[in-house]
Each structure stands twice: as structure tokens, then as C-alpha cells.
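Notes follow once the structure below has been shown.
The values are calculated or read from the model by the stated rules, or taken from the named source; none is laboratory data. All of these numbers come straight from a predicted model, not from anything done at the bench. For neighbour counting, all protein chains shown are included, and Cβ atoms are generated from backbone atoms with ideal geometry for every residue, glycine included. Ligands, DNA and RNA are stripped out before the accessible areas are found, and what is left, the full protein with its side chains, is counted by its heavy atoms. Shrake-Rupley method; radii C 1.70, N 1.55, O 1.52, S 1.80 Å.
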Amino acid sequence: METHSPNFSFTKLYSVVAVIVFFWPFMAYAGPLRRVVDTHWYPASATWYGSPEGDGSTGGACGYGSMVDVKPFRARVGAVSPILFKNGEGCGACYKVKCLDRSVCSRRAATVIITDECPGGYCSGGRVHFDLSGAAFGHMAVSGYGGSLRDRGVISILYRRTLCKYPGKNIAFHVNEGSTPYWLSLLVEFEDGDGDVGSMHIREARSNQWIEMSHLWGANWAIIGGPLQGPFSVKLTTLSTGRALSARDVIPGNWSPKATYTSRLNF
């Protein structure tokens, strides 16, 4: 009986393997795919703080520092009550917010990034409250009516979760001040999609072991050990949907505190 072998090309196989090996350090891995975007609007209240056109605070309880007042944040930031802040793991999440009075409110929702926490007052008692920067609060108004809306103080709003988008940006890792080979602290920047971080792991040079980092405060994570040997690969998993991403050797061996190292990928 005559048999036929499939038309198999080792050249084609080699090409496929080569492509996979080349892109392996830059690949993002998705866990269970749950949707972060919610099409339903929910009621909440909102206030504003800081200067009328400002960023509210310098970085706030998430630790983003002066980033909140420059592109791509552009002061469209705010603090949220503990129910959304989630002990800092809600940092970086993005929400659409809109006010309700058609005489001053725009029909278009404003997108805000969580960079701070408001623990008391309107934010207490398990309520959902947004304490927005002056700029973000005014952005909910019809053009030219931002001042009138801010004059109202506390208002009722609708909100929903949305995807974070940082066009032209890849995920970056800021090495926090005070980091040493025995205590390394990182802050995640410009995370598309979920925006939040549920866990982080780090891998040293010439190692196959991922070591879990501890959540410090806000959007800051750290590892204690050492001496730690770079370059370091970093793996982060989002809080909301469990998607994971690994950046190979993103932090070089000659890393420095207060430096920011940008990966080649994003969600």
C-alpha cells in the first residue's frame, strides 16, 4: 500500500521557531479574560480639590509624583474613596465620569485616572466618591462652564470603569529612591488596559525563578533580599482581569535609583 508523507519543510519550521524566540522577551500573556470595561453607569458623588485648573495634589497616595500634571495624565486625575482605592491596588485604574445637570454638564464623559485616595468626609462610610482635581472636575462641564460647575462644590455624578489608553507609550518601571541591591522598589507607569496591578514578580540575571514582590503602598512594590543581581526581568499581573505581562531584562545591571526604564510592550 502506498503511503504519502505530508509536505513538511524544516526550513519553514526553523523560520517559525526563530520568530518565536526573537519575540519571546516582548510577549504579553493573558490570563482568564474578564472584561474590565463596564457598560453600565453607577451613581456616585464628586467634589474637587487643589487649584481650579490644577492636578489636585503632587502625586497623592499612589506615588506618581509630578507625573500627574504632565502629558499623558494632564491633571485628569483624582482621588477615590477606599472602596475603589483598594488599599492602593486601585491606583492607575481609569473611569469615565459625567455630571447630570444639562444646563452646565457636557454630554461627553470625562476620563480620569486614579492617583490618590480620599479617606474621610464624603468618602467615608462605604460610599463611592470621586474627589477630582480641579481640571478633571471642570472637564465634565460644557466648554466655558467649568468655573460654574466647580462653584457647586459637591455634585451627583455617574461613573463606570473604562480601559486606560496611553498612545505611543509602553509600560515603564520607575526605580524608587532609596532602592539598593538589598531592597528594590518599583512603580509601574503607563499601563494600558486595566491600569491596575494585582501582583508583581522579579527575576534576577541568570535565574529561572520568579520572586514575588510585596505591595508597599499606593502603586509601589518592593522586594527584600540580596544582594540582588541585575539585569532584572519583571512580570506584572493586573488586579481586575488577571492578565499577565513579562518584560525580559527591562532593568539593566547598572540600574540607578530614581531612574525609569521603559519596556518594549504594553497590554
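With all protein chains in place and a 1.4 Å probe, the accessible surface of the range 68-195 carries 48 percent carbon and sulfur.
Cross-link reach is defined here as a Cα-Cα straight distance under 26 Å, omitting same-chain residues fewer than 8 places apart; for Lys71 the lysines meeting it are Lys86, Lys96, Lys98, Lys165, Lys169, Lys235, Lys258.
Cα centroid separation, the range 236-261 to the range 166-220: 4 Å. Modelled spin-label separation between Glu212 and Arg160, with each label point placed 7 Å from Cα along the Cα-to-Cβ direction: 3.5 nm. The phi-based Karplus calculation (6.51 cos²θ - 1.76 cosθ + 1.60; θ = phi - 60°) puts the 3J(HN,Hα) values of the range 237-248 at 10, 6, 6, 6, 10, x, 6, 10, 9, 10, 10, 7 Hz, whole numbers, x for Gly and Pro. In angstrom, the C-alpha Rg and Dmax of the range 101-144 are 12.3, 34.
What do you get for GluC sites (Glu not before Pro) in the range 172-247 restricted to DSSP loop and a cutoff of at most 12 other Cβ within 10 Å of the site's Cβ? Answer by residue number: Glu177. Computing FRET efficiency as 1/(1 + (r/R0)^6) for Ile224 and Lys169, where r is the C-beta to C-beta distance and R0 is 25 Å, gives about 0.25. For the range 77-139, the set of trypsin sites (Lys or Arg not before Pro) satisfying both a DSSP loop assignment and a count of at most 13 other C-beta atoms within 10 Å is given as Arg102, Arg107, Arg108, Arg127.
For the range 49-150, GluC sites (Glu not before Pro) are listed when DSSP marks them as loop and at most 16 other Cβ atoms sit within 10 Å of their Cβ; the list is Glu53. Rolling a 1.4 Å probe across the protein heavy atoms gives the range 184-267 an accessible surface of 42 Å² per residue.
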